[in-house]
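The values are calculated or read from the model by the stated rules, or taken from the named source; none is laboratory data. Computed from a prediction, not measured in an experiment: that's the story for all the values here. Cβ coordinates were reconstructed from backbone atoms using ideal geometry, including for glycine residues, and neighbour counts include every protein chain displayed. Side chains are part of the model used for accessible areas, which takes the heavy atoms of the whole protein and leaves out ligands, DNA and RNA. Shrake-Rupley method; radii C 1.70, N 1.55, O 1.52, S 1.80 Å.
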Amino acid sequence: MSAQHCHDGPAPAGGGVPAETPSMPRVMLVGNPNVGKSTLFNALTGARQHVVNAPGTTIAVAEGTWRCGTTDVSLVDLPGTYSLIARSPDEQVATNAVAGGDCGVHVAVLDATALSRSLYLLAQLALEDAPVVVAVTMTDLAKARGLGPDVGALGRVLGVPVVAVNGRSGAGLDALALAVSRSLTRPARVRGLPELAADDAALSTELERAQVLFDWVERVVDEVLPASDARPTFSDTLDRVLLSPWAGIPVFALVVWAVFQLTTVVATPLMDAMSGFVDGPVASVAGWLLEAVSGPAWLESFLLGGVLAGISAVVSFIPLMALMFAAISGLEASGYLARVAVVADKALRSIGLDGRAMLPLIVGFGCNVPALSATSVLPHARQRLLAGMLVPLTSCTARLAVYLVLAQTFFPHNAGTVVFGIYVASVVLVVAGGLLARTTVMRDLTPQSLVIALPDYQWPHLRTLGRSVWSRVVSFVRKAGSVILLAVVALWVLQAIPARGGHSVADVPVEDSVYGVVSQGVAPALAPMGLDDWRIAASLVTGVAAKEAVVGALAQAYAVDDTTDSGAVALREQVRATVAETSGGHPTAASLALMLFVLAYMPCLATLAEQRRLYGGRWTAGAAATSFAGAYLIATLVFQVGSRL
Amino acid sequence: MRGPDGAAAAPARREGGPVSGAGSVFGSVVALMGRGFTPAAAARELGVSADLAEAVAAEAERLGLVVSSGSACGTCTPGAKIACASCPLSR
């Protein structure tokens, strides 16, 4: 068949597709995305095609002229859609075109490697009482996979012409043209569907319609596809263990503990080395360069004490974050992390909480801001509100950096286990918060289960894993880097402005600066936790802006400038000495109190802003106040009890 | 035969669950997914093709009955969206 030149069609009249040229019948290609529709369209119409935008949209629709036997037809390549219940502008164009009814024949393009999905769309098309010819693509691929459908049987079952085609090789195109030209005079319609009209009131919901249509798809598939292998696979066997209520949670806890152990043990020397490099040779070179250009003293202080301190804080966290991201990416790529949601769903429902809240909460362990967006999976506003109030209690990655420094400082041989314990505390707080809400302001909620599409288990591909880790590390450096850098620069400025003592700007002891004086005013409030120190108070205040800035603020406050030793090690030693003093000789209890306080005292500003946008100022303020009060009480209790043990 | 969650695998085609329409392949697949079956495992359990179960899962997701672990917040691009870098579920 020779390809015809396309001609310019008239401007689209409405309904989403170009109006046909008078006297030329219209044929539409309908099918799922990626089934080979466009390849088929190109083969049928030739290289020169006319593309127009569907009216009122920016969706491009291709139209061309196709010689079908002795008849020229206007062929339209509709956007791919999985269903005639549109969920996107592209799909809406296809839906409108099918519903428009002004089409001679619909060519339903079915993918032989995913026949069921294609048949579902065909069933919906058939409900529109549309004349149909079926073109089956990818039959060679399907045969290679052992999925090859019996095309002849398919035609007998459907009651319409069915042609196997290959747009690349041209196979079957003549047979398709013959089938379409015959259908233009004697239209065929799919048979065997239940007797119902497209707007049948008895099946008024999309769900009911889907149930009926999939039952029809199953009957067709049973006739035309080879029997599938029903033997249990390795995934099935593994899931029997990992999804069981008794083994699932302990196994997950073990996995998380192992991840923390791995990252703390491996990351710690790397972190020390990196910050030592920045605080050592890099700082020396920077100092030498500043001396060479004879810059003012305040500039040296700003660059070395502000900017370089910020860079050191960011750089030192890269090994930790890279290892964490590698672990998370590996667990996610293997398919395991999605199982956690199923395991947690059962556990949550057993205590009356909605299992569907698990997804946003899991996201919250990465970052609270997108976790708030994830609450949209919950269908009811009050459920979304409850989940949104619990999200800040999930310990995000930014807080992990703080725990790690503190755990390495006070529990150098058990840092991983201590950090794991803080995460367990986070889960306990989420559950406790949920139970409290369910028994008070959210009594009317009915928990429902989470139904999640679980992927099969698979070995992660190293290259894909590497790319995932790299993109996550780059994103972390950009986000944390800009936050921490901004914070330490701002802190340097506040530390340079004198508040008492008659000092000049940039030549003031930290304790007499604006930063120091304000922090000293806040510090006594931390005395019940054994943390009555202005530097710790200052870092906690900074942490309200962003948790990533807490460690940087601590380093800034201690003004570590001893470049002969690793900055990170010197900071840990100074913090240890401070807490030993403020706690009256009970640094273990005070350090645990500090970590628990950091866990729950206040969401970061970005989280607060997103909560306010989603739920309003009243709920956001109430939740923040409750969280702060709870964190204060818990931290105080931990120190007061722990210091007496 | 037992399902992935250890519970006895009763004739799943007659189950109810989150979707009404006991006996429909659509309802049966979604019910099994609610118990932690992957679509492929649900297919094996029900004796239907994996392709059919995958199609049911996809349509159930479109209808809002099923969530995909990778689309919890609506985006899944850890490289493009900074806040998603540390998300456990992003790809």
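As a rough guide to protection, the peptides A:71-81, A:599-609 ranked by mean Cβ packing within 10 Å, highest first, stand as A:71-81, A:599-609. The calculated FRET efficiency for the pair A:A60 and A:E206, based on their C-beta separation and a Förster distance of 35 Å, comes to about 0.80.
The largest accessible area among A:H461, A:H50 belongs to the first residue in A:H461, A:H50, and the rest follow in falling order (1.4 Å probe, all chains).
To the nearest ten degrees, helix A:567-582 and the longest principal axis of the Cα atoms of chain A are 60 degrees apart.
Estimated at the nearest 10 Å², the accessible area of A:K143 is 140 Å² with a 1.4 Å probe. Tally up the carbon and sulfur contribution to the accessible surface of the protein assembly as shown as a whole percent, 1.4 Å probe, everything protein left in place. The value for the protein assembly as shown is 62 percent carbon and sulfur by accessible area.
Calculated mean residue ellipticity, 222 nm, the protein assembly as shown: -17500 deg cm²/dmol, from DSSP H runs (n ≥ 4) at -39500 (n - 2.57) each, averaged per residue and rounded to 500. Quick check: from the Cα gyration tensor, does region A:500-609 come out rounded (a/c under 1.5), prolate or oblate? It is rounded, given that a/c, with a ≥ b ≥ c, falls under 1.5. For A:H50, the amide hydrogen comes within under 5 Å of the amide hydrogens of A:E63, counting only partners 5 or more places away or on other chains and with H modelled in the peptide plane.
In order along region A:380-385, the Karplus-derived 3J(HN,Hα) couplings, from 6.51 cos²θ - 1.76 cosθ + 1.60 at θ = phi - 60°, round to 10, 4, 6, 5, 5, 5 Hz, and Gly and Pro are given as x. With both residues required to sit in chain A, DSSP beta bridges show an antiparallel share near 45%. Between rounded, prolate and oblate, where does region A:387-483 land on the alpha carbon gyration tensor, with a ≥ b ≥ c its root eigenvalues, rounded for a/c under 1.5, else prolate if a/b exceeds b/c? Since a/c reaches 1.5 but b/c is at least a/b, the shape of region A:387-483 is classed as oblate. Taking Lys and Arg as +1 and Asp and Glu as -1, the other residues whose beta-carbon sits under 12 Å from that of A:Y615 total +4. At a Förster distance of 30 Å, what's the computed FRET efficiency of A:D222 paired with A:T39, Cβ-Cβ distance as r, to 0.05? Efficiency, from the Cβ-Cβ distance: 0.55. Placing pseudo-labels 7 Å out from each Cα toward the beta carbon at A:F277 and A:L614 gives an inter-label distance of 3.8 nm.
A DSSP coil position with no more than 13 other Cβ atoms inside 10 Å describes the following trypsin sites (Lys or Arg not before Pro) in region A:383-469: A:R443. Taking amide H as placed 1.01 Å from N in the peptide plane, A:V133 has its amide H under 5 Å from the amide H of A:H106, A:V107, A:A108, each at least 5 places away in sequence or on another chain. Using R0 = 51 Å, the C-beta based FRET efficiency linking A:L270 and A:N53 works out to 0.40. Less than 5 angstrom separates the built amide H of A:S513 from those of A:A499, all sequence-distant by 5 or more or on a different chain. Residue-wise HN-Hα couplings along region A:424-435, as the Karplus relation 6.51 cos²θ - 1.76 cosθ + 1.60 with θ = phi - 60° gives them from phi, are 4, 4, 4, 5, 4, 5, 4, 5, 5, x, x, 5 Hz; Gly and Pro carry x.
Were the residues from A:R644 through A:V514 laid out at 0.36 nm apart, the gain over their Cα-Cα distance would be 43.2 nm. Where in region A:359-385 does accessible area fall by at least 30 Å² between the isolated chain and the complete protein assembly, at a 1.4 Å probe radius? Those are A:L359, A:I362, A:V363, A:G366, A:P370, A:V377, which lose 30 Å² or more relative to the chain on its own.
The length gained on full extension between A:V255 and A:H503, counted as 0.36 nm times the residue separation minus their Cα-Cα distance, comes to 83.9 nm. For region A:40-194, what does the alpha-carbon gyration tensor say about shape, rounded, prolate or oblate, given a ≥ b ≥ c as the root eigenvalues, a/c under 1.5 as rounded, and a/b over b/c as prolate? Cα axes put region A:40-194 in the rounded bin.
Chain A against chain B buries an accessible area of about 5100 Å², both chains summed, 1.4 Å probe radius. Using the 1.4 Å probe convention, the accessible area of chain A works out to 42 Å² per residue with neighbouring protein chains retained. Between A:E573 and A:R156, the simple spin-label model (points 7 angstrom out along Cα→Cβ) gives 8.7 nm. A simple rule links phi to the HN-Hα coupling: the Karplus curve 6.51 cos²θ - 1.76 cosθ + 1.60 with θ = phi - 60°, which for region A:637-645 gives 4, 4, 6, 5, 6, x, 6, 9, 7 Hz, with x for Gly and Pro.
The long axis of helix A:462-496 is offset from the longest Cα principal axis of chain A by roughly 40 degrees. Placing a pseudo-label 7 Å from each Cα along the Cα-to-Cβ vector at A:H413 and A:D102 gives an inter-label distance of 8.4 nm.
Residues of region A:70-118 that become at least 30 Å² less accessible with every protein chain present than in their own chain isolated, using 1.4 Å: which are they? Those residues are A:R87, A:S116, A:R117. Computed on protein heavy atoms with a 1.4 Å probe, the accessible areas place A:I422, A:I328 in the order A:I328, A:I422, largest first.
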